[in-house]
Amino acid sequence: MNTFITMLRGINVSGQKKIKMEEFRALYESLNLKNVKTYIQSGNVIFECSHSNISELTDKIEKIIKQTFGFSVPVIIRTKNEFKHLIDNNPFYGERKEDITKLHVTFLADIPSDSSLSVINELEDKSDQLAIAGKNIYLFCPNGYARTKLTNNYFEKILNISATTRNWKTVNKLYDLVKEDSE
């Protein structure tokens with residue numbers, strides 16, 4: 001069995017796209033996904049399945065959400081191993097030991113093109129820092145995420161890719177949950 005973590009963009013934010021986590025669990029279980037767990041109300045779902053094609057899983061989940069709840073939601077999936085690699089390689093935490101309340105990860109649906117990355121690398125506001133690693137963007141926002149220009153909307157506009165962001169505490173908690181299952 002493969003263990004996956006899905007992160008849905010824009011669920012239960014400001015009264016929009018409301019879905020109870022019990023409904024999410026039931027929805028995922030209806031797709032024959034096993035050991036389904038949710039974490040907080042923002043669309044984090046962990047599951048196991050023998051399927052390994054992430055693109056097909058993403059499509060299945062997005063379609064059933066649309067059919068069941070009547071709205072589209074970008075779904076971003078990572079494996080347990082991808083999460084471990086992500087945590088082990090955060091340049092702002094691993095090397096610099098920055099305040100974890102200022103650290104975030106933006107998860108991208110795909111690897112961005114070189115041309116769109118060049119636009120991001122020319123940021124005017126250098127108070128916030130980022131490090132791009134494949135389909136993930138590490139963020140250090142010393143003034144807080146609420147004050148950064150490096151939001152999901154910004155990255156989606158520049159990169160033309162779906163994105164969702166989680167704070168460092170949530171990233172670690174999600175990985176802790178998948179580790180518990182394998183112990």
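Structure summary
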{"read-out": "Close pairs from the range 88-101: first touching a residue at least 24 places away in the same chain (Cβ under 8 Å), partner of a type in the set (Lys, Arg) and not in a loop (DSSP other than H, G, I, E, B), Cβ under 7 Å, at least 6 apart", "value": "Ile100/Lys169"}
{"read-out": "Every pair of residues 6+ apart whose Cβ atoms lie under 6 Å, when the first sits in the range 144-158 and is closer than 12 Å to Leu130 by Cα while the second is surrounded by fewer than 17 Cβ atoms within 10 Å (Cβ to Cβ)", "value": "Lys149/Asp125"}
{"read-out": "Residue satisfying condition, being in contact (Cβ under 8 Å) with a residue 24 or more places away in the chain, of a type outside the set (Ser, Thr, Tyr) and assigned to a helix (DSSP H, G or I), within set Ile77, Ile64", "value": "Ile64"}
{"read-out": "Conditions (1) in a helix (DSSP H, G or I); (2) without any contact (Cβ under 8 Å) to a residue 60 or more places away in the chain; (3) not assigned by TED's automatic domain parsing to the domain that holds Ile54; number of the one not met by Thr106", "value": "(1)"}
{"read-out": "Some residue of the range 18-26 being part of a loop (DSSP other than H, G, I, E, B), among the charged types (D, E, K, R) and either farther than 25 Å from Lys169 by Cβ or not assigned by TED's automatic domain parsing to the domain that holds Thr151 (or both)", "value": "yes"}
{"read-out": "Set Ile111, Ile54, Ile64: member being in the same structural domain as Asn143 (by TED's automatic domain parsing), at negative phi and modelled with pLDDT under 95", "value": "Ile111"}
{"read-out": "Tally, over the range 129-152, of residues that are more than 18 Å from Ile5 (Cβ to Cβ), part of a loop (DSSP other than H, G, I, E, B) and either among the basic types (Lys, Arg) or at pLDDT below 90 (or both)", "value": "1"}
{"read-out": "Filtered residue count, the range 80-103, keeping only those that are assigned to a helix (DSSP H, G or I) and either of a type in the set (Phe, Trp, Tyr) or more than 14 Å from Pro142 (Cβ to Cβ) (or both)", "value": "14"}
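The values are calculated or read from the model by the stated rules, or taken from the named source; none is laboratory data. Keep in mind it's a predicted model, so treat the numbers as computed, not measured. Every residue, glycine as well, gets a Cβ built from its backbone with ideal geometry; the counts of neighbours run over all protein chains shown.
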